[in-house]
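Working notes, beginning with the structure itself.
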Amino acid sequence: MRKTQLLLISLLSAVPATAQSSAPFQNAETGRSYTTLQKAVDSIGEDKGTIIIAPGSYRQCAIQTAGVIAFRAAVPGQVVFDGATCEGKAALVLRGQAASVDGIIFQNMRVPDANGAGIRLEKGDLTVTRAIFRNSEQGILTAEDRSASIRIDQSTFSGLGRCDRGLSCAHSIYIGGYGSLTVTNSRFERGNGGHYVKSRAAQVTISDNAFDDTRGKETNYMIDLPNGATGSIVRNIFVQGASKENYSAFITVAPEGRQQTSAGLAINANEASIAPGVDRQTTFLADWSGDRIALGGNRLGRGLKPFERR
C-alpha cells in the first residue's frame, strides 16, 4: 500500500445517535431479528452464523461461548458500541470456536481493573476488518490460545492505552500467547500510554500500517514483542512523538525474556522518523533475544540508529 493511502486511513463517517430499529440484530441464516445483541448471539449457539447489525449507537455488550459467529455492520462505520461492557471486560467477550468483526466502532470502554476493551478474546480465531477502536483503555485484549490465529485489517486504533494508577499498563492492542498475529493496512494514533502493539504471539505479520505517535501522551514502544517472535514487520510508517514514557526504541524483541525464537524475523522496508521539532537520539530496533534478525532496507530519519543489542 502506498504511503498516501496509509495516511488516509482514518475515522469513518458520523453515526446516528440511536438505533434505527426496535430489533436491530438480525440472524442472517434464520432472518429473525432481536432487540439485544446477546439474544442474537444465543440464537446461533454452537452453530455457524452471521449477525447483521443495523446502523445506530448501542449501549450493549455480548458474550460468545460457542460456535463461529460473524458480527457485521449493515453499513460499515455506522454501528457504534459505546461504553457498555460484559463481565467487566469488553463490549464483545469471545470464547467460542471463532469470530469475525466487520465495520463496527467500539468506543469509551472503561472497567474497574482499567483493561476495558472493545474486544476481549479468550479463545478461538478472530478476524477484524474495517473496525475502529477509540477513546478506551484498550482496543483488543486477548488471553492465550496457541492453536489459534488473529487477523486485523483496515482498522483504526485511536486514543487507547494507559499506564497509571499503579496498575499494569493497557495498550492499543495486547495479544497474549496466540499462534499468530497478522496486522495489515491499519492505523495507530494518539496513544494514551503503553504500547501501540504488544504481542506474545509466536509468529507475527505486521505490514503496511501507519503508526502516528505525534499526538501520543506518555506512550511507550510502537511494537513490542516481549517474548520474541518470528515472521515479518515490513512496509510500515512510524513517527515517534514528543510525549513518551519511554522513547528508547521503536520496536523491541524479547525485552521480557526470550521464550520463543526470533530467528529470521524480517524487519525491512519500513520508514521511521522522529516528529518535527523533537530533538532526541533513539533506536529503531532494540533486541534482547540474541537471535539472528533480518534487519535492513529501512529508511530512518535523523536521530535514529538502526539497531542496539540489549
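The values are calculated or read from the model by the stated rules, or taken from the named source; none is laboratory data. Predicted model only: the values in this text are computed from it and were never measured. Virtual Cβ from ideal backbone geometry, glycine too; neighbours counted across all protein chains shown. The accessibility values were calculated without ligands, DNA or RNA, using every heavy atom of the protein model including side chains. Shrake-Rupley method; radii C 1.70, N 1.55, O 1.52, S 1.80 Å.
What is the log10 of I(q)/I(0) for region 111-263, computed with the Debye formula using one identical point scatterer on each Cα and no solvent, at q = 0.12 Å⁻¹? The computed values of log10 I(q)/I(0) come out as -0.42.
Measuring r between the beta carbons of residue 38 and residue 218 and using R0 = 41 Å, the FRET efficiency lands at 0.70. Given a 1.4 Å probe, how much area per residue of region 214-263 is accessible, in Å²? Per-residue value: 35 Å². Fully extending the segment from residue 46 to residue 259, taken as 0.36 nm per residue of separation minus the present Cα-Cα distance, adds 73.2 nm. Of the solvent-accessible surface of the chain, computed with a 1.4 Å probe and all protein chains present, 47% belongs to carbon and sulfur. Counted over region 43-184, the DSSP beta bridges are approximately 5% antiparallel. In a DSSP loop and with at most 11 other Cβ atoms within 10 Å, the trypsin sites (Lys or Arg not before Pro) in region 148-207 are 165.
Remark: spin-label model distance residue 59-residue 245 equals 3.0 nm, labels positioned 7 Å along the Cα→Cβ axis. Of the trypsin sites (Lys or Arg not before Pro) found in region 216-299, those that fall in a DSSP loop while having at most 15 other beta-carbon atoms within 10 Å are 280, 292. The alpha-carbon positions of the chain define a convex hull whose volume is 119 Å³ per residue. Length available on full extension from residue 30 to residue 269: 0.36 nm per residue minus the Cα-Cα distance, which gives 81.3 nm. Label-to-label distance, residue 168 versus residue 87, with points set 7 angstrom from Cα along the beta-carbon direction: 1.6 nm.
Taking amide hydrogens as placed 1.01 Å from N in the peptide plane, the amide H of residue 128 sits under 5 Å from those of 101, 151, 152, 153, each at least 5 positions away in sequence or on another chain. Accessible surface calculations at 1.4 Å, restricted to protein heavy atoms, place region 21-60 at 51 Å² per residue. Ignoring the sites themselves, the chain has its longest run without GluC sites (Glu not before Pro) in a DSSP loop having at most 12 other Cβ atoms within 10 Å at 88-310. Rounded to whole numbers, the Karplus 3J(HN,Hα) couplings from phi for region 304-310 are 10, 9, x, 8, 8, 8, 10 Hz, using 6.51 cos²θ - 1.76 cosθ + 1.60 with θ = phi - 60°, and x at Gly and Pro. Please report the net charge: other residues with Cβ closer than 11 Å to the Cβ of residue 63, K and R +1, D and E -1. With Lys, Arg at +1 and Asp, Glu at -1, the net is 0. A cut-off under 12 angstrom between Cβ atoms defines the neighbours of residue 137, and their net charge, with Lys, Arg +1 and Asp, Glu -1, is +4.
Per residue, region 126-168 exposes 38 Å² of accessible surface when a 1.4 Å probe is rolled over the protein heavy atoms with every protein chain present.
Across region 186-203, rounded Karplus estimates of 3J(HN,Hα) from the backbone phi angles (6.51 cos²θ - 1.76 cosθ + 1.60, θ = phi - 60°) give 10, 10, 10, 7, 6, x, 10, x, x, 9, 6, 10, 10, 9, 9, 4, 5, 9 Hz, Gly and Pro being marked x. Would you give the gap between the C-alpha center of region 165-199 and the C-alpha center of region 212-287, rounded to a whole Å? Rounded to whole Å, the Cα centres lie 12 Å apart.
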